[in-house]
Every structure is written in C-alpha cells, then in structure tokens.
Amino acid sequence: MNRRYSCFVLAVAAALAAVLAAGCAGIPPPPDGNSTPKPPEDAIALPEPRTEGDVSVEEALWGRRSVRVYAEVPLELADAGQILWAAQGVTDDRGYRTAPSAGGLYPLEIYLVAGGVMGLEPGVYHYRPGEHLLVRVGAGDRRTALQAAAVNQTPVGDAPATIVITAVPERTTAKYGERGTRYVYMEAGHAAENVYLQAEALDLGTVVIGAFDEDEVREVLALPENTTPLYLMPVGRPVPGA
C-alpha cells in the first residue's frame, strides 16, 4: 500500500468517524427543507420552558387519562410552549432532546395548529427545538379542516390547539434501513407520552389520535413531501366530569 493511498484511506476513515460521532452525540442532521438555518424575522419566541414543577412524575403517571372534551377557554402561550418542549425540546448543549432518538438522528418535526392560543394568531406553526420558537407556515384557523381530515373527530375541532407529530423517516432509514421505520414510530410514541405527562402536570388534557387521512392532514399543514404525519394530539382544559 503506497503512502498516497494510505492517506486517502485514513481521510475516509476520519470522515466516517466524524459522522458517527455526530449521530451518537445527538447532533441533529443538517437542514433538509423542513427548517431553515436562521429563523425568519416574524418567528415567535416561546417563554422559557420550566424544568421544575409542582407535580411529580409519579403523580402525572397516576392521573394521566385520554381527554376528549375541552372547556371553551384559550390555551396560554407558556403552556403551549411547555408542551412543545416536552415533545422535542433540547435539553443539552450536545443536542439531546426530551425524547430518545435512535442514533441521535431526530426524525420528528412538531407542528402546532392553533385556534385559541393567547398571543398567537390562528394558524399552523412549526416548532423549532433548537431556538424554542415557532415559525408560522400557514395562516388562519384550520381546526375545522383538520377535524375533517381526522374523520370528523370532534376533539380536534374543539380543542384550542392540536399538536401534530410528524416525521422525516429518511433521516433514520438512511442509517438503519427498513428497520429504521420502526425506530421512527417508537420515537413518536416517546414524544406522545411526554405530551401526555406534561399536559397532566399543567392540569390540561390531551388524547392521541391516529385515525386520519394522511394526504388531507399533509395538505392542511402544507407539509413538505418528505414529511409524514403520525399523531394528532388536541390539547385543552378538561371539563370536570365529562
């Protein structure tokens, strides 16, 4: 093996090692059309997420239930931001998030369909975990359209907001092949349970909805072609005894 070839092999090995290290360290992949390096000027900064609360994990687990009926009261922006952070917030300088991700590849993208959130114009918003902010990607109250896409399930239209968990599967399948699809679904489950527990801790309610027309949801949210909707989670104040 000559010197030039040896140097080439070492360079390739170093590059591969850097890629693997980035994945293991939880560093998100480069932007691929689902986000932009610099937030737009009209991006909405969310209140700083809380890392301490009055409800223990055990209490949240004990009280967690699926809630399908919501009071006609708006959602506070701080509560919306807290729930978004629970789903995918960054918790470490190395890029680690609130939910585990196979290979640290983070395929999930979280959207907020807002109709009754204080401080937010009705519309569709994309959550940017790194900066903990929202970028509006669609104007107007789209809750009725989203309810229609969810086979007319009323919680989607009645709740002041709905968290939509979507994914870019290629981020994970590029490394893990077909099995990576399972990892994406697992990760969506991790994030959804975080939303459930955070909602319970905030005296809010939610429910996981998986029955919907995928193409219609994609149209309502104006999702990129490489993005797949996985869960709808309406969020609101529970009605006692309902």
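Where strands (runs of 3 or more DSSP E) sit wholly within the stretch 86-154, those with at least 1 residues that are open to solvent by 30 Å² or more (accessible area, probe 1.4 Å) occupy 133-139. All of (1) open to solvent by 10 Å² or more (accessible area, probe 1.4 Å); (2) within 25 Å of Thr181 (Cβ to Cβ) hold for Val73 with one exception: (2). Residue-level analysis places Val207 among those that are open to solvent by less than 70 Å² (accessible area, probe 1.4 Å), closer than 16 Å to Pro155 by Cβ, touching a strand residue (DSSP E or B) at 6+ places or on another chain (Cβ under 7 Å) and in contact (Cβ under 8 Å) with a residue 12 or more places away in the chain.
Taken as a whole, the structure places Ala159 among residues that are in contact with a Gly (Cβ under 7 Å, 6 or more places away or on another chain) and either surrounded by 18 or more Cβ atoms within 10 Å (Cβ to Cβ) or aliphatic (A, V, I, L, M) (or both). So is Val164 farther than 27 Å from Tyr70 by Cα, at pLDDT 95 or above and under 17 Å from the mean Cα position of the chain (by Cα) or not? For Val164, the condition - farther than 27 Å from Tyr70 by Cα, at pLDDT 95 or above and under 17 Å from the mean Cα position of the chain (by Cα) - is not met. For the stretch 178-225, a tally of residues being in contact with a helix residue (DSSP H, G or I) (Cβ under 7 Å, 6 or more places away or on another chain), within 15 Å of Val55 (Cβ to Cβ) and among the charged types (D, E, K, R) returns 1. Checking Ala174, Ala199 one by one, the residue that is farther than 16 Å from Gln147 by Cβ and touching a strand residue (DSSP E or B) at 6+ places or on another chain (Cβ under 8 Å) is Ala199 and no other. Restricting attention to the stretch 180-202, does a residue exist that is in contact with a Lys or Arg (Cβ under 6 Å, 6 or more places away or on another chain), of a type outside the set (Phe, Trp, Tyr) and either part of a strand (DSSP E or B) or over 17 Å from Leu84 (Cβ atoms) (or both)? No, the stretch 180-202 contains no residue that is in contact with a Lys or Arg (Cβ under 6 Å, 6 or more places away or on another chain), of a type outside the set (Phe, Trp, Tyr) and either part of a strand (DSSP E or B) or over 17 Å from Leu84 (Cβ atoms) (or both). Just checking, does the stretch 116-137 include any residue being over 18 Å from Pro47 (Cα atoms), in contact with a Pro (Cβ under 9 Å, 6 or more places away or on another chain) and without any contact (Cβ under 8 Å) to a residue 60 or more places away in the chain? No, because not a single residue in the stretch 116-137 is over 18 Å from Pro47 (Cα atoms), in contact with a Pro (Cβ under 9 Å, 6 or more places away or on another chain) and without any contact (Cβ under 8 Å) to a residue 60 or more places away in the chain. Of all positions in the stretch 214-229, at least one carries a residue that is over 23 Å from Gly140 (Cα atoms), open to solvent by 40 Å² or more (accessible area, probe 1.4 Å) and outside any helix (DSSP H, G or I).
Residue pairs whose Cβ atoms lie under 7 Å apart, separated by 6 or more positions or on different chains, with the first residue in the stretch 156-178 and in contact (Cβ under 8 Å) with a residue 60 or more places away in the chain and the second β-branched (Val, Ile, Thr) and open to solvent by 20 Å² or more (accessible area, probe 1.4 Å), are Thr166/Thr228; Ala167/Thr228; Pro169/Thr181; Pro169/Thr228.
The values are calculated or read from the model by the stated rules, or taken from the named source; none is laboratory data. Here the structure is a predicted model, which is why all the values come from computation and not from measurement. Virtual Cβ from ideal backbone geometry, glycine too; neighbours counted across all protein chains shown. For the accessible areas, the whole protein counts, side chains as well, though only heavy atoms, and no ligand, DNA or RNA atoms are used. Shrake-Rupley method; radii C 1.70, N 1.55, O 1.52, S 1.80 Å.
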